[in-house]
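Data first, discussion second: the structure below is written as structure tokens.
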Amino acid sequence: MYTAAVFLPLLGAVIAGLFGRLIGDRLSQIITTGLLFLSAILGCIILWQFASTPNPQPTTIQVFTWIASGELRIPWALRYDMLSAVMVFVVTFCSAFIHLYSIGYMEGDSGIPRFFAYISLFTFAMLMLVTADNFVQMFFGWEGVGLCSYFLIGHDYHRDSANAAAIKAFVVNRVGDFGFALGIFAVFMIFGSLDFGTVLPAAQELAGKKIAFAGVMVDGQYALTIACILLFIGAMGKSAQFLLHTWLPDAMEGPTPVSALIHAATMVTAGVFMVVRLSPIFEYAPDALALVTVIGAITAFFAATIGLVQNDIKRVIAYSTCSQLGYMFFAAGVSAYPAAIFHLMTHAFFKALLFLGSGAVIHGMHHEQDMRKMGGLWSKMKPVAIVMWIGSLALAGIPFFAGYFSKDIILESAFGAETNVGYFAFWTGVAAALMTAFYSWRLLFMTFHLPYRGDPHTYEHIEKTPWTMMVPLIVLAAGAVVAGYLGYKSFVGEGWQSFWGPSIKIVGEHKALEHAHHSPIWVALLPAVVGVLGIALAWYAYMTSSRLPERLAAQHEPLYKFLLNKWYFDELYDAIFVRPAFWVGRLLWRGGDGKVIDGFGPDGIAATTIKTARRVAALQTGYVYHYAFAILVGVVVFVTLELFGVFRVLR
């Protein structure tokens, strides 16, 4: 059962990828989706088994020996504990319904078997990551989701924008992955092993003594801090945190189910999972945890500011993902790891719901994504509007919806950490919560409730949402309502230690989660208050005084353009990295490759041979008298040299 839950998506990917043309579109869809649902059922059973066992212990399933070199042994093993059981459930459950949704959304696409093979492979890579028993296996899954994201973002490869977005995602992630690889090397230098069973329990002992690191004796805590910072750089790239975030909004070039899969169940949650999985190491690297907190808090605020002014419906939700990931990271940064995973789970439900809901709108609007050309869709797509309302209520942290429970405990934990970075994260998170509620309702009002502002022909021919798309929306909407109720007590309640067992470690002095349950009343109420305030401001700006946003944009044009252009990070990186790289490349091509390599290397030899052959070929006329004349000239030259004694001198 444990093995099948992981490998069934791979089986579907192989069948659809290798035999898709033979079995056809429909059978490819049925096989991959059916296997994902079977995997999701197994994931639910596994989670139930672990959840019903107090203080569940890890279970390791050895598959085979992957690498054997000298004393280095890297097994391919599946590590199941409470943390991986939760992640397997989230990944398989969301992915299964995204597969089902894709049957309706991708109707008529020319590459259906390829698409379903890739999303199944994407799911498998994420499952390998969350069940990894060592760093090398985790790196395999880590790179696997990166590769699949490249395939899927560029699925419509005939569009230049899709190709550019796929390359951008791949390259930016390689920057973070370089740090992740260095972090793995550092772990091996410190612990002499890459196996979680060896590394994680040894962190406490090594943190308190001198160790050899890079040929120098240093404090163990210092070495652990370096390793954790490098590992977190990998998380910054994979989870699109501040400075390495630029790829995520452009990933919207992929089909909407891809956006939902990346943002809700796979890829971007990998960084959060990695930090939580390695909590026994991060707990003894306080400076690294402080960095995680600060970057997460900045990302939560930064991405929310951009979401305020975006007009592409999917990009608004994409920046929302960046912001919510920031919450998860600063929760982990203050050692509230259960709160981070709790928000990861609830966020998976309502963010998949919002993306798939936006996909239903785009599908109905014949692939129109600009909210300025929408409006009036409440009467045309009421079921979609209702589930989008539910998702937005959860995202805004309104009481009794899933996001309220998970976001609230994160903010309370940040305040309860009683540190400067904790207070910084708390107030930054409150500001981001206000903006989140505002842009969530801005999206709803512009899409469903304002007067229609697009092409009348499109409005008259809005397509009905098929059942294959509507059923996942209803299921995810239910999750966005009840997931908070069902998970709060177990995930972050006062008995969380018994639920999580040894899969999460928090040292004694890190009591943010414990203090969260005793926060002042104003701390507990503030997130909900700012959520309601953000909705009220959106109502006033777009429903009561609809000209107000335009006036504010005109009055504060520099700020508006700054936010609309995403703080100009793309332009900054283009100036710092892209253009200089092109300049150096052209310089090396002209001065090195063009003149030296092409001149004297294989290309140069080939060119010289061709030129010489052409000149020699010019002498091959085919006329006998030409050849007789050449012989006569040769004889005259020979006789002349003999008469002058040249040959005697040479002898």
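Taken over the chain, the convex hull of the Cα atoms encloses 253 Å³ per residue. Taking 19 Å as the straight-line reach from the Cα of K210, the aspartates and glutamates in range (excluding those fewer than 8 positions away in the same chain) are D219, E283, D287.
Taking amide H atoms as placed 1.01 Å from N in the peptide plane, the amide H of W66 lies under 5 Å from those of I74, W76, each 5 or more residues away in sequence or on another chain. Sites listed here are chymotrypsin sites (Phe, Trp or Tyr not before Pro) in region 82-187 whose DSSP assignment is loop and whose Cβ has at most 14 other Cβ atoms within 10 Å: Y157. Value of Rg to Rh for region 466-540, rounded to two decimals, is 1.12; Kirkwood radius and Rg both from alpha-carbon coordinates. The P(r) of region 235-288 has a tail past 19 Å containing 36 percent of all C-alpha pairs. Per-residue ellipticity at 222 nm, computed for the chain from helices alone with -39500 (n - 2.57) per DSSP H run of at least four residues, works out to -23000 deg cm²/dmol.
F116 sits among other residues whose Cβ lies under 13 Å from its own Cβ, and their net charge, with Lys and Arg +1 and Asp and Glu -1, is 0. Per-residue 3J(HN,Hα) values for region 98-113, derived from phi via the Karplus relation 6.51 cos²θ - 1.76 cosθ + 1.60 with θ = phi - 60°, read 5, 4, 4, 4, 5, 4, x, 5, 8, 3, x, 5, 7, x, 5, x Hz in sequence order (x marks Gly and Pro).
For A132, nonlocal amide neighbours, meaning residues 5 or more places apart or on other chains whose placed amide H falls under 5 Å from its own, are R79. Looking at the chain, the accessible area is 42 square angstrom per residue; that uses a 1.4 Å probe and ignores ligands, DNA and RNA. Averaging the Cα positions of each part gives two centres, and for region 543-575 and region 82-143 these lie 36 Å apart.
When N is the residue count of region 450-587, what does its C-alpha Rg come to as a fraction of 2.2 N^0.38 Å?
That works out to 1.72 for region 450-587.
Rounded to the nearest 20 debye, the dipole size of region 380-482 about its Cα centre is 280 debye, using +1 on the Cβ of Lys and Arg and -1 on the Cβ of Asp and Glu. Cross-link pairs exceeding 20 Å in C-alpha to C-alpha distance, out of K168/K314; K238/K489; K314/K373; K314/K566; K351/K373; K168/K566, comprise K238/K489; K351/K373.
Heavy-atom accessible surface of K382, to the nearest 10 Å², is about 90 Å², with a 1.4 Å probe and all protein chains retained.
Residue by residue, region 86-96 carries 3J(HN,Hα) couplings of 4, 5, 4, 4, 4, 5, 6, 5, 5, 5, 4 Hz when phi is fed to the Karplus relation 6.51 cos²θ - 1.76 cosθ + 1.60 (θ = phi - 60°); x denotes Gly or Pro. Give the distance, in whole Å, between the Cα centre of region 469-494 and the Cα centre of region 266-330. If you average the Cα positions of each part, the centres end up 21 Å apart.
Could you compute Rg(Cα) / (2.2 N^0.38 Å) for region 181-225, with N its residue count?
Compared with the compact-globule rule of thumb, region 181-225 sits at 1.03.
Leaving out ligands, DNA and RNA, and with a 1.4 Å probe, what % of the accessible surface on region 8-130 is carbon or sulfur? Roughly 65 percent, rounded to a whole number. Couplings for region 553-570, taken from phi via the Karplus curve 6.51 cos²θ - 1.76 cosθ + 1.60 with θ = phi - 60°, read 5, 6, 5, 10, 4, x, 5, 4, 5, 4, 6, 4, 8, 6, 6, 6, 5, 4 Hz in order; Gly and Pro are left as x. Amide H contacts for F213 (H built 1.01 Å from N in the peptide plane; partners 5 or more residues away or on another chain; cut-off under 5 Å): V218.
The values are calculated or read from the model by the stated rules, or taken from the named source; none is laboratory data. No experiment lies behind these values; they were computed from the predicted model shown. FYI the Cβ positions are ideal-geometry reconstructions off the backbone, even for glycines, and counts take in every protein chain you see. Heads up: the accessible areas ignore ligands, DNA and RNA and are worked out on the full protein's heavy atoms, side chains in. Shrake-Rupley method; radii C 1.70, N 1.55, O 1.52, S 1.80 Å.
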